[in-house]
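Here the structure comes first, spelled out in structure tokens, and everything after it is commentary.
The values are calculated or read from the model by the stated rules, or taken from the named source; none is laboratory data. Treat the numbers as computed from the prediction; the structure is a model and nothing was measured. Neighbour counts are summed over all protein chains in view; Cβ atoms, including those assigned to glycine, are modelled from backbone coordinates with ideal geometry. Only protein heavy atoms, including side chains, enter the accessible area calculation; ligands, DNA and RNA are left aside. Shrake-Rupley method; radii C 1.70, N 1.55, O 1.52, S 1.80 Å.
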Amino acid sequence: MGKFGALAALLALSLTVVVHGHEHHDDLPEGQFVSVEPLDSILWIHILLMTVAFGFIFPTGMVLGIVRSRWHVPVQILGTVVAFLAYFLGHMHKGRRFAPNIHAAFANSLMLMLIIQLVLGTYLKLHLSKGIHSKIRKYVVTLHGVMGKMMPLVSWIQMIFGGITALGFCHEDHLGQCLAHFIMGSAFIAYGIVLTILLLVGQVWLRRTGRSQEFFDSLIIALWGCVNTFTEHRWGQPWRHNDMQHTSMGIIWWCAGLLGLWLSRRRNGRPRRNIFPGIVILLTGYAMSSHPQHLPISAMVHSIFGYTLMAAGAVRIVEICFVLKDRSALSYDGTEASSFQYLTPFLLYASGLLFMGATEEQMELLSGAGIDHVSYILVLYSVACIMFLFVNILLHIYGVHAFPETAKDNRSARMAAGRPLQRPPHYRASTSFALDRFQLESQQVNGHARGPSQAEQIRDAQEFELEGLIGAIDRDRDGEDSPTTQGPPVPPKPEV
């Protein structure tokens, strides 16, 4: 009964927290959504703690849970304590008052989701496996995993709601523009995160699907274009300049998306890279850079956003054509990513943040405060750097635990074992292209993934190639003072 008593107490606490809703201040004048008082220190602490809990601690705990680390439970407990403390602080603040808003309404749903996760996690930690528990445990594990992976997305939405609520933005006539900016900006950031995942830890999964990355990119672009084509203009009303641009962008998205889908497969059914998702991103950036604006600072921010998006598309094209040369990756497991490949995801992070920070109300606030566009853009790029850093840290944690062999220094291990790193006879460094070509041609045959023995052969071949390359570098260093042109080795003369 002790275990079930703990669960009952936890559930009672959960209901108490959920029932205790945000108090609202209905004494604000008509048409005013926030009072003129500044944010007090308690509310700033609430914002800081919620950002730490839902923006950093819970995503880290999610990754630790995926890799089944023993640190998963302590990290999630820490995040829960911080989140509950911040939640109660949100009801104790003074200073600025708020009208009923979506942030307060959504807060209860988010905390209820957190409490359900806490109950499910506690149940799993009790290791109840007898009787009916043996039947329901697998469903609890699945539900706990799905809700845990949803938590970063839901937390991101709530943090956006908190930002617009604190400033009183996105009401009445500004609602449509806010939705467009925040949804599209978040989509660019999500695309950048997906590219980062595929770059660092997703190559094995991508090969298992039997499709190229551009297949999925083109599919999403085509579907998004269909939605934009028919939703950017209010039918039955006169066409405006912005309506024409947004609708035409939707048309190019689904047209280029369909083309990218077709080009993502070879004649024999094997996956193939193509550059049309990059072209779509480039054209979208061009359209956004010339979007008409009412304020000079808004025009500059939109221009930099467009140039950043154009750069992301151009870099993506260069990466596929000249860095990867139509290969899926530089290595089978994605551990040998080129430094150039990090540029496209980062530019997408920056593009999303720039677009989310370019609404009319935000631009009016900056213009009234006398803040120039250069300072504002540098701050947004700084946030993009921190976000990109955090995603890379999470993927590093996942990669080290999910693929432990990739975290080992094979060269040091071989040298410690006394195995010399010598260049094999008749070995040439150019065989790396042949090896990559062999990987691409053998990775998917008739839709079946490579077996463990074949993957082991590929890893052995890569280690063999790495030894040869290291040996070649060492020999080149030793022979820097020797003539550059050498003939075949001359056998020694026999002694007479």
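Kindly indicate which of His133, His91, His127 is modelled with pLDDT under 95 and open to solvent by 40 Å² or more (accessible area, probe 1.4 Å).
His127
Suppose we filter the stretch 123-136 for residues that are without any contact (Cβ under 8 Å) to a residue 60 or more places away in the chain, under 20 Å from Gln76 (Cα atoms) and either small (Gly, Ala, Ser) or outside any loop (DSSP other than H, G, I, E, B) (or both); how many remain?
Here the count works out to 2.
Can you say whether His46 is of a type outside the set (D, E, K, R) and either open to solvent by less than 50 Å² (accessible area, probe 1.4 Å) or at pLDDT 90 or above (or both), as far as the supplied structure shows?
It is true that His46 is of a type outside the set (D, E, K, R) and either open to solvent by less than 50 Å² (accessible area, probe 1.4 Å) or at pLDDT 90 or above (or both).
Only residues that are of a type in the set (Phe, Trp, Tyr) and either outside the structural domain of Gly176 (by the TED database) or under 17 Å from Gly285 (Cα atoms) (or both): list them for the stretch 201-255, please.
Trp224, Trp253, Trp254
For (1) modelled with pLDDT under 95; (2) open to solvent by less than 30 Å² (accessible area, probe 1.4 Å); (3) of a type in the set (S, T, N, Q); (4) not in a loop (DSSP other than H, G, I, E, B), each residue gets a yes or a no:
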{"site": "Cys170", "(1), (2), (3), (4)": "yes, yes, no, no"}
{"site": "Ala190", "(1), (2), (3), (4)": "no, no, no, yes"}
{"site": "Ile193", "(1), (2), (3), (4)": "no, no, no, yes"}
{"site": "Thr196", "(1), (2), (3), (4)": "no, yes, yes, yes"}
{"site": "Trp205", "(1), (2), (3), (4)": "yes, no, no, yes"}
{"site": "Arg208", "(1), (2), (3), (4)": "yes, no, no, yes"}
{"site": "Leu223", "(1), (2), (3), (4)": "yes, no, no, yes"}
{"site": "Phe230", "(1), (2), (3), (4)": "yes, no, no, yes"}
{"site": "Arg234", "(1), (2), (3), (4)": "yes, no, no, no"}
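Taking the criterion of being under 30 Å from Leu343 (Cβ atoms), open to solvent by 30 Å² or more (accessible area, probe 1.4 Å) and under 25 Å from the mean Cα position of the chain (by Cα), would at least one residue in the stretch 103-120 satisfy it?
no
Considering each of Ser328, Ser289 in turn, give the residue that is over 22 Å from Arg208 (Cα atoms) and modelled with pLDDT under 90.
Within the list Ser328, Ser289, the selection yields Ser289.
His144: modelled with pLDDT of 95 or more and open to solvent by 20 Å² or more (accessible area, probe 1.4 Å), yes or no?
yes
Under 30 Å from Gly65 (Cβ atoms) and of a type outside the set (D, E, K, R): does that describe Phe355?
No, not satisfied.
So which residues in the stretch 210-221 are in a helix (DSSP H, G or I) and either in contact with a Cys (Cβ under 8 Å, 6 or more places away or on another chain) or surrounded by 19 or more Cβ atoms within 10 Å (Cβ to Cβ) (or both)?
Those that are in a helix (DSSP H, G or I) and either in contact with a Cys (Cβ under 8 Å, 6 or more places away or on another chain) or surrounded by 19 or more Cβ atoms within 10 Å (Cβ to Cβ) (or both): Gln213, Glu214, Phe215, Asp217, Ser218, Ile221.
Please note which helices (runs of 4 or more DSSP H) are completely contained in the stretch 339-427 and include at least 3 residues that are open to solvent by less than 70 Å² (accessible area, probe 1.4 Å), of a type in the set (Ser, Thr, Tyr) and at pLDDT 95 or above.
Because the criterion is at least 3 residues that are open to solvent by less than 70 Å² (accessible area, probe 1.4 Å), of a type in the set (Ser, Thr, Tyr) and at pLDDT 95 or above, the helices (runs of 4 or more DSSP H) in the stretch 339-427 that meet it are 343-356, 373-402.
Of everything in the stretch 153-168, what is under 24 Å from Pro59 (Cα atoms) and open to solvent by 40 Å² or more (accessible area, probe 1.4 Å)? Give them in sequence order.
Answer for the stretch 153-168, where residues must be under 24 Å from Pro59 (Cα atoms) and open to solvent by 40 Å² or more (accessible area, probe 1.4 Å): Leu153, Trp156, Ile157, Met159, Phe161.
Exactly one condition in (1) of a type in the set (Ser, Thr, Tyr); (2) surrounded by 17 or more Cβ atoms within 10 Å (Cβ to Cβ); (3) more than 24 Å from the chain's Cα centre (by Cα) is not met by Thr284; state its number.
The one condition Thr284 does not meet is (3).
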